[in-house]
Amino acid sequence: MAFEGFLQPKCLKWRLCGLRWQVLIFVLYFSHVVSGQIRYSIPEEMKKGSVIGNVAQDLGLDLKRLRAGRARIVTGESIQYTELKTEKGILVVSERIDREQLCGDVTPCSFSFEIILENPIELHRITVEILDVNDHAPAFPNKYIHFEISESATVGSRFLLESAEDPDVGLNALQNYVLTHNDNFILKQHANPDGSKYAEMVLQKPLDREEHPRLSLKLIAVDGGNPQRSGSVNIEITVLDANDNAPVFNQSVYRATVMENAPKDTYITTVNASDADRGTNGQITYSFSKLKGSIADIFIIDEKTGIISVSGQVDYEKDKKYEVRVEAKDQGGLTDSSKVVIEVIDVNDNAPVINVMSFSSPVSEDAPPGTTVAVINVKDAD
Ligand SMILES: [Ca+2]
Ligand SMILES: [Ca+2]
Ligand SMILES: [Ca+2]
Ligand SMILES: [Ca+2]
């Protein structure tokens, strides 16, 4: 019985390992049928013709006996992965051996067959263990993962990420996920009951659509092979708007003038407010706030454009100056207000008014110059 260096975990680059993959040899002798058992370990994916082991030497048979006994392989499998070279007494690879295809997740992975010799009959069982090679990188099912996340999402919100697959086993399988550095999310990794790993992003700093409407991150999955292999997926995040900005007027006071008696629809001024939000959250309507009775009949504001114009009678003699408050409101109900001062410019629209205060009558014809005949009062409203 012989035993040497079975399974070399550091020995993943099999070419460097030389002959050390073998092996464990049990040889058991019985009275009638000589029976032995040999176990070899080889990496998967060896080239056709690669030597698995020196069977003649390991079984203690010479080449003549192999030839005379018509040594051959007997297998119940449909695919024969190995071939016995009787002239050299060696076992070689005859078909591609893909550990993933042969065993999937099952470890250890091996197949067995018999070598039979005649005259006298000898039966030797050969087991070939297939060691995993890191010939697969972790891979995600899609190139992109897309999320739509509201900027109002609270810190601690979790977003499950797609898992990567790596059909290798042990250290060659997926070991870890890494998320590219960013301000908003951290990565949390979990293990399923079967040991497979998955990850989720956890919000650690609130999103702000007004600052970053889109985020592009990358999730990387790495295995523990040597050399290490990795796969990645792009995470595209669209930040959905929340109404977190109120409208803001671009001036705190608007000043304008209007000629008195200006006709209806005469332009006075335009007020303007902006809102950083999107869609209806940023859609502004303008209005006068708390108008005192008469002003409502004189001026009008266009609720969409903010244009203020004349809608009634502007009379300098009634009011020389108007002060109006305007309000901007988004569809979410947030508001801002500003002041509009409108000065009325006087127009000479009043004839002097003459009032006769007193009149002395009749006047004698010899009345001296300077005699008061009448007291009149002249008024001009302009
Ligand atoms: Ca493979
Ligand atoms: Ca593999
Ligand atoms: Ca791998
Ligand atoms: Ca917003």
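Since every read-out is calculated from the coordinates, none of them should be taken as a lab result. Keep in mind the model is a prediction, meaning the values are calculated, not measured. Glycine also receives a Cβ, built like all others from the backbone with ideal geometry; neighbour counts cover every protein chain displayed.
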Skipping prolines and chain starts, which residues have an amide H placed within reach, meaning under 5 Å, of the one on Val314, given they are 5 or more residues away or on another chain? Asn261, Ala262
Do any trypsin sites (Lys or Arg not before Pro) in the stretch 268-321 lie in a DSSP loop with no more than 11 other beta carbon atoms within 10 Å, and if so, which? Lys290, Lys292, Lys304, Lys318
Cβ charges +1 (Lys, Arg) and -1 (Asp, Glu), total dipole of the stretch 178-237, debye: 160 debye
What net charge do the residues around Leu217 carry, taking every other residue with its C-beta under 12 Å from that of Leu217, with Lys and Arg at +1 and Asp and Glu at -1? 0
Beyond 25 Å (Cα-Cα) in this structure, taken from Lys205/Lys329; Lys47/Lys143; Lys188/Lys218, we find Lys205/Lys329; Lys47/Lys143
Distances longer than 24 Å among the Cα atoms of the stretch 144-240: what percent of all pairs is that? 26 percent
Restricting to Cα atoms and excluding each atom paired with itself, what does the Kirkwood estimate give for the stretch 182-321 in Å? 20.7 Å
What distance in nm separates the two pseudo spin-label positions at Asn234 and Lys64, each 7 Å out from Cα along the beta-carbon direction? 7.2 nm
Summed residue charge, Cβ within 11 Å of Ile284's Cβ, Lys/Arg positive, Asp/Glu negative: -4
Please give me the summed charge of the neighbours of Ala68: other residues whose Cβ is under 14 Å from its Cβ, Lys and Arg +1, Asp and Glu -1. +1
Qualifying aspartates and glutamates (Cα of each under 15 Å from Cα of Lys318; at least 8 residues distant if same chain): Glu260, Asp297, Glu343, Asp346, Asp349, Asp380, Asp382
Using DSSP to define loop residues, name the trypsin sites (Lys or Arg not before Pro) in the stretch 37-103 whose beta-carbon has at most 10 other beta-carbon atoms within 10 Å. Lys47
